[in-house]
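The values are calculated or read from the model by the stated rules, or taken from the named source; none is laboratory data. Computed from a predicted structure; not experimentally measured. The accessibility values were calculated without ligands, DNA or RNA, using every heavy atom of the protein model including side chains. Shrake-Rupley method; radii C 1.70, N 1.55, O 1.52, S 1.80 Å.
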Amino acid sequence: MQQIDPASTALQQFGTYDFQRDKATNTYFDEYVPAANYAVGVYMAGAGYNLELTYVIAQGYAMGNSSNWYNYWSRGRPWIKSGWEDGRAGYWKTK
């Protein structure tokens, strides 16, 4: 739970890893939705969250903050899983 504030800052809308939005121009890029969700998975795996809790947090956030949260199951979840699995496998470790 100590990771909640840093994760929120990094992953929230317009956060560090929100690749689907540009804060300076307030522009949304639909084609970057997979990249943003993949980043959620990588980050959460690196922070030590298990996949199920990652899903719960991501879905809860989407339901409260996204106008198209209903797309979570088809667009978000598969990319979160892929990122989480790659993160757990160590593909994103710094050297």
- Note on the structure: Evaluated at 10 °C and 1.306 mPa s, the Stokes-Einstein D of the range 14-95 based on the Kirkwood radius over Cα pairs, in µm²/s, stands at 123 µm²/s
- Mind checking the per residue accessible area of the chain for me, 1.4 Å probe, whole number of Å²? 66 Å²
- Query: Rounded to a whole number, what % of the accessible area of the chain do carbon and sulfur atoms account for, probe 1.4 Å?
  - Reply: 54 percent
